[in-house]
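Report on one structure; see the data block that follows.
The values are calculated or read from the model by the stated rules, or taken from the named source; none is laboratory data. These figures come from a predicted structure and were not determined experimentally. A quick note on method: Cβ atoms are made from the backbone with ideal geometry, for glycine too, and the neighbour counts reach across all protein chains shown. All accessible areas refer to the heavy atoms of the entire protein, side chains included, with ligands and DNA or RNA removed. Shrake-Rupley method; radii C 1.70, N 1.55, O 1.52, S 1.80 Å.
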Amino acid sequence: MALKVHHIGYLVKKMEAAAAAFEKLGYSATQPVIYDDIRKVNICFMEKDGYRIELVSPAAEDSVVSGLMKRYKNSPYHICYETEDFGKDYMTLVSEGFMAIDTPTPAPALSGREVVFMTHVSVGMIELIKDRSVV
Ligand code: NI
């Protein structure tokens, strides 16, 4: 596998307040806040020193992160990896003990590139994203 770190997903309770606080730390937003209607979350990508973070805040009671929010509050919660061979790496991850917790679905905040979330007993949650070149 040749996985490349794409971003760190960061749960935040209030998007505007969080984005402003991250700006104080030196991060800059790379695109406007986007509403993901599949997952019912607001998403804001920011960058600093070559690191990309994804602020994710619940936009509805039944958003995909509402349960996590209660457990973790404001906290990093996944690392996203880019893959050049989504199908092959997905199967390798499954054979290594990663279990998909959803199905590959387009992510509006990532130009519609497909992502899937997986979890591993010793790693926790990761996100796998299709490489730009194969979309
Ligand atoms: Ni993510």
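For the pair ASP49 and VAL94, a Förster radius of 30 Å applied to the C-beta separation gives a FRET efficiency near 0.35, rounded to the nearest 0.05. Between the range 1-30 and the range 86-135, the C-alpha centres lie 19 angstrom from each other.
Below 8 Å, C-alpha to C-alpha, sequence gap of six or more: please give me the relative contact order for the range 1-47 in percent. Write down the numbers at each step before the final one.
Numbers: 35 pairs, mean separation 13.4, N = 47.
Worked out over the range 1-47, it gives 29 percent.
Quick one: accessible surface of ASP49, probe radius 1.4 Å, all protein chains present, in square angstrom to the nearest 10. Its accessible surface works out to 120 Å², give or take rounding. Solvent-accessible surface (1.4 Å probe) assigned to THR103 amounts to roughly 100 Å².
Give me the 1.4 Å probe accessible area per residue for the chain, excluding ligands and nucleic acids, in Å². Intermediate values should be presented prior to the final figure.
Numbers: 7700 Å² over 135 residues.
Computed with neighbouring chains in place, this is 57 Å² per residue.
Residues GLU96, GLU16, sorted by accessible area with the largest first, give GLU16, GLU96 [1.4 Å probe; ligands and nucleic acids excluded]. Using just its DSSP H runs of length 4 or more, each adding -39500 (n - 2.57), the chain gives a mean residue ellipticity at 222 nm of -5500 deg cm²/dmol after division by all residues. Comparing GLY87, GLY50, GLY124 in a Gaussian network model of the chain (Cα springs below 10 Å), the most mobile by mean-square fluctuation is GLY50. Between amide H atoms placed 1.01 Å from N, distances below 5 Å from GLU114 occur with ALA107, LYS130, all of them 5 or more places distant or on a separate chain. Between GLU84 and ALA2, the built amide H atoms are under 5 Å apart, and every one of these is 5 or more places off in sequence or on another chain. Dipole of the chain computed with +1 at Lys/Arg Cβ and -1 at Asp/Glu Cβ about the Cα centre; of TYR77, ALA107, ALA18, farthest Cα towards the positive end is ALA18.
Charge dipole of the range 4-134 (Cα centre as origin; +1 on each Lys and Arg Cβ, -1 on each Asp and Glu Cβ, all else neutral): 440 debye, rounded to the nearest 20. For the range 4-134, the carbon plus sulfur part of the accessible surface works out to 54%, probe radius 1.4 Å. For the chain, what does the alpha-carbon gyration tensor say about shape, rounded, prolate or oblate, given a ≥ b ≥ c as the root eigenvalues, a/c under 1.5 as rounded, and a/b over b/c as prolate? Verdict is prolate for the chain.
Charges on Cβ only, +1 for Lys and Arg, -1 for Asp and Glu, centred on the Cα centroid of the range 4-134; of VAL64, VAL94, PHE117, which one is farthest towards the dipole's positive end? The residue sitting farthest along the positive end of the dipole is VAL64.
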